[in-house]
Amino acid sequence: MRQGPFEASRAAAWADYRSLLTALEGRGRDPSPVLPLARFPALYRRLCADYALARARRYAPGLIAELHDLVRRGYPHLYRRRNAWWALALGFMAAGFPRTLRRQARVCALAAALFFLPLLVMGLACWQDGELIYSLMDSAQVAELESLYDPDGGRPGRGPERQADTDFMMFGFYVMNNIGIGFRTFGAGLLLGLGSVLILISNGLMIGATAGHLTRLGFGPVFWPFVSGHGPFELTAIVICGAAGLLLGRALIAPGRLTRLAALRANARDAAVLVGGAALMLLLAAVVEAFWSASGAAAGVKYAVGVLGWVAVMAYFALAGRVDGGAGPVRGGSGDDHGP
Amino acid sequence: MPLDTIRLNETPEGVDLGLRVAGPAPRALALAADGAIRLVILLALSPLSALSGLGLGLNLIAVFLLEWLYPVTFEVLYGATPGKRAMGLLVVHDDGTPVGLSASLIRNLLRVVDFFPLFYGVGLVCTLVDRDFRRLGDLAAGTLVVHAQRRSTGARAGRTHAGGTPAPPGLPIATQQAILAFCERARRLSGARRIELAETLLAHLPSPATGPARARGWAAVEQVEGYGTWLASGRAGD
C-alpha cells in the first residue's frame, strides 16, 4: 500500500488516539474525554504497528516522525509506574523494610561489627585511660563535651533557659544533621564501600570514646539517661545506612555473575529500601532525642524506655513482615507495578 | 558508533522509541537554576528565625528537606525539578518510562559521591565518560536525563494528492525518501533553495533515455514534486 491510501485508511484511528492522548496529558483540566479511556491501549498498540509499517515501507520521513512522536507521547501513559503513596508507605513499613533487612542480614551483621566493635573497644579503653580520648579529639572539643554533660550544668540537649521551642530547634538540628549523616554514610559506599567502612568505624570510635570518657569522669548519671531513649533507633539506623553503603561497595568489588553495572543496579534497589527505612528510624530518633531525652523524667524511667526501645527494634526486625497478609507487595519500596 | 545523542529503546510493542539524552552543559545549568531556587526559598524562610528556637528548628528542617527531598519530590510528581523543566529536561528510567520513587531516591542520595571532591567533579567526569551522559547516581538507579521533545505540529506541509508523474523505475529507497522529504519540507524553504535542492535531486536520478533534457529552475521543482506525489499516492492496491 502506498502512503496516501495508508494515511487515509488510518486517519480516523489516529484522530481518536490523538484526542485520548490530549485528554490523558491534560488530566485534571478535562475529566470527561469523549472516548472511553479503556480504548487507549488498543489504539496505542495499533499505532505502534502503523509506525513500524511506515518505517518498514519507507514512507515519507515527516509521516514517520509524526507517528514516532505520537507513540512517544503515549508510551509513558501506558507504562507509568504507579505511586499510591500511602499504601506504598504502609506496605514498606509493615513488610518491605524488615524483609529486605533480613534478606541482607549478612551485610547488616558486617556493618554492625564495623560499628559496634570499635565502639566497645574504644569505650572500654577510654574508661581505663583518661588520656586516650585526646587521640581522637582536640582539647577544645573534649572540654565542650565535658561541659555538656557536667552534672553541675544544665540538662544535656537544652540551653540554660529551657523552653519547649528550644526542644524544637534541637529537633530541627537532629533531623538535618543525623539524617544527613545517615544518607552520606550510604552514598560514600559507592567509593568501593570504603567510604561507608570509614564512616562506620570513625563514628563507632567517637561514640565509644565519648561514652567511656564521660563515664570515667563520673558524668555517667547525666550521660546514660540522656542517650538511652534514642540510642536504639539512632545506632541501628547508622548501622543500616552503613550496610546499604556496603551493598553498593559489594556490587563493585564482587559483582558475582553479573556485570558491575547490573550488580550495582540490583543491589541499589535493596539499598534504597534500607536507607529509606533508616531515615524513618532517624526521624523517630530525632523526635525522641529532642522531646524525651532532654526531658526531666527520672533516670530509671529513661533506662526502662531505652530497654523497651531495643526490644521493640529487635522484635520489629525479627518479626515484621513474616506473615504475608496476601495483598502487600513483597518489596514495598520499589513500586514497580505496571498499569495504565 | 552513532555520533548523535539519540538512544533507541524497544518498547514491548516491538517499535523503537528515540530518547534524546542530555549532556553535561544543560544539566549543569539546570543544577544552577535549582540551586538558585533553593537559595531563594531559604532566604524567604529566614525571617522565621525571629521566632528564636522554634523558627530556627523550622529553618534547619527546611535545609534538610531542600537538600534531600526537593529533587525526589519534583522528579516523582512532575518528572523533573523546576530547574530541569526550565531547561527542557526530563528524568526517565532507561526504558523511557517516567522515573519512580525508588529510582529517584537512589539517584539523588548518590549525589553525595557525584559532588565529590568539589562541585560535582566526579559527576562531570562520569557524564563525559559514559556515552549516555549518566552520572554515578544515574548508573546505579538506571535513569537517564533526556530532552523533553518538542511536539510535532501535526500539520505536515505538502500533503499528498492522487496523481503525479510516474517516477523512473528502480529508484533506490534512499532516493525515494529524499524525494518525499523534499516534498514535505519544500513549503518552508526559500525559492532559490528549493530550486537548488530539486536540481541536485534530479541529477541523482537516472536520466531518461529518450526524454527531454533535465529540467532546470522551477520546472525541476515541479518535476520532483510530481514524482513525490506519485510515490506517495500511487495506485490503489499497490
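The values are calculated or read from the model by the stated rules, or taken from the named source; none is laboratory data. What you see is a predicted model; the values in this text were computed from it and never measured. Positions of Cβ are backbone-derived with ideal geometry, glycine not excepted, and every protein chain shown enters the neighbour counts. With ligands, DNA and RNA removed, areas are computed over all heavy atoms of the protein, side chains included. Shrake-Rupley method; radii C 1.70, N 1.55, O 1.52, S 1.80 Å.
As a summary of the residue check, A:Ala279 satisfies the conditions (1) more than 14 Å from chain B (Cβ to nearest Cβ); (2) touching a helix residue (DSSP H, G or I) at 6+ places or on another chain (Cβ under 9 Å) except for the one numbered (1). Put simply, of B:Ala22, B:Ala28, B:Ala44, B:Ala103 the only residue that is on the phi < 0 side of the Ramachandran plot, open to solvent by less than 10 Å² (accessible area, probe 1.4 Å), aliphatic (A, V, I, L, M) and away from chain A (no Cβ under 14 Å) is B:Ala22.
Please verify whether the stretch A:190-210 includes one or more residues that are modelled with pLDDT under 85 and within 14 Å of chain B (Cβ to nearest Cβ). No: the stretch A:190-210 contains no residue that is modelled with pLDDT under 85 and within 14 Å of chain B (Cβ to nearest Cβ).
Taking the stretch A:40-52 as the search range and keeping residues that are more than 10 Å from every other protein chain (Cβ to nearest Cβ) and surrounded by 14 or more Cβ atoms within 10 Å (Cβ to Cβ), which one is modelled with the highest pLDDT? The qualifying residue modelled with the highest pLDDT is A:Leu43.
A single entry from A:Gly96, A:Gly74 fulfils the requirement of being closer than 30 Å to B:Tyr78 by Cβ, within 19 Å of the chain's Cα centre (by Cα), assigned to a helix (DSSP H, G or I) and not hydrophobic (A, V, I, L, M, F, W, C): A:Gly96. Within the stretch B:70-86, the set of residues being open to solvent by 70 Å² or more (accessible area, probe 1.4 Å) and within 11 Å of chain A (Cβ to nearest Cβ) comprises B:Leu77 only.
Taken over the stretch B:52-69, the criterion of being of a type in the set (A, V, I, L, M, F, W, C) and at the interface with chain A (Cβ under 7 Å from one of its Cβ atoms) is satisfied by B:Leu54, B:Leu56, B:Leu58, B:Leu60, B:Ile61, B:Val63, B:Phe64, B:Trp68. Taken as a whole, the stretch A:227-236 holds at least one residue that is in contact (Cβ under 8 Å) with a residue 24 or more places away in the chain, assigned by the TED database to the domain that holds A:Val121 and touching a Leu at 6+ places or on another chain (Cβ under 6 Å). Every condition in (1) open to solvent by 40 Å² or more (accessible area, probe 1.4 Å); (2) farther than 30 Å from A:Leu70 by Cα holds for B:Gly55 except the one numbered (1). For the stretch A:198-218, the set of residues classified as closer than 22 Å to A:Asp152 by Cα and surrounded by fewer than 20 Cβ atoms within 10 Å (Cβ to Cβ) consists of A:Thr215, A:Arg216, A:Leu217, A:Gly218, listed by residue number. Against the list (1) open to solvent by 10 Å² or more (accessible area, probe 1.4 Å); (2) in a helix (DSSP H, G or I); (3) out of contact with any Gly (no Cβ under 8 Å at 6 or more places or on another chain), the condition A:Ser295 fails is (2). Among the residues that make up the stretch A:152-170, is at least one of them at pLDDT 85 or above, open to solvent by 70 Å² or more (accessible area, probe 1.4 Å) and more than 21 Å from A:Gly306 (Cβ to Cβ)? Scanning the stretch A:152-170, I find no residue that is at pLDDT 85 or above, open to solvent by 70 Å² or more (accessible area, probe 1.4 Å) and more than 21 Å from A:Gly306 (Cβ to Cβ), so the answer is no. Residue selection: A:Leu67 satisfies the criterion of being more than 36 Å from the chain's Cα centre (by Cα) and either modelled with pLDDT of 90 or more or part of a helix (DSSP H, G or I) (or both). Listed by position, the helices (runs of 4 or more DSSP H) enclosed by the stretch B:1-98 that each have at least 2 residues that are modelled with pLDDT under 90 and of a type in the set (Gly, Ala, Ser) are B:52-64. Candidates A:Ile181, A:Ile238: the one that is farther than 21 Å from A:Asp150 by Cα and surrounded by fewer than 24 Cβ atoms within 10 Å (Cβ to Cβ) is A:Ile181. Quickly run through the stretch B:141-166 and pick out the residues that are modelled with pLDDT of 75 or more and open to solvent by less than 40 Å² (accessible area, probe 1.4 Å). Of everything in the stretch B:141-166, those that are modelled with pLDDT of 75 or more and open to solvent by less than 40 Å² (accessible area, probe 1.4 Å) turn out to be B:Ala141, B:Gly142, B:Thr143, B:Leu144, B:Val145, B:Val146.
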